[in-house]
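Below is one structure; the comments refer to it alone.
The values are calculated or read from the model by the stated rules, or taken from the named source; none is laboratory data. This structure is a prediction, so every number in the text was calculated from the model and none was measured. Note: accessible area is taken over every heavy atom of the protein model, side chains too, but ligands, DNA and RNA are not part of it. Shrake-Rupley method; radii C 1.70, N 1.55, O 1.52, S 1.80 Å.
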Amino acid sequence: MVAEGEEKEKMVMLRSEDGVDFLLSEAEAEAHCGRKIKIMMKYDSEDHIIPSDDGGGEINYCLIRLPVRGDTLSKVIDYSKMHASGSHDLTHWDAEFIAGFNHEALFDLILASE
């Protein structure tokens, strides 16, 4: 809950083509997502509001619709978070991550990472 006088953290809702939503803070979105999403965040002029889970009022967010499936977007977010930490060698993790994809999923992943 935000104390009186404090500014609420800005949020970004990433919505996949199949309607799966991912709610991230604006700072997370900027750190973990690509240039395309950063540009789209600047141009979202609509006010989107959802009730807060903790009963603390409402959450205002920027809505960004992406032309990728929810399972692919989830993987992109996981990959980005892991690499943003930068705390350890990710060679083995990357190899396992990519090995779990078929050709169609790899193609979707490439499209999502633009």
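Residue order by solvent-accessible surface for M40, M13 is M40, M13, largest first, with ligands and nucleic acids left out and a 1.4 Å probe. For K10, the amide hydrogen comes within under 5 Å of the amide hydrogens of E26, counting only partners 5 or more places away or on other chains and with H modelled in the peptide plane.
Classify region 68-114: rounded, prolate or oblate, from the alpha-carbon gyration tensor (a ≥ b ≥ c, eigenvalue square roots; a/c under 1.5 rounded; otherwise prolate if a/b is larger than b/c)? Oblate, since a/c reaches 1.5 and b/c is not below a/b.
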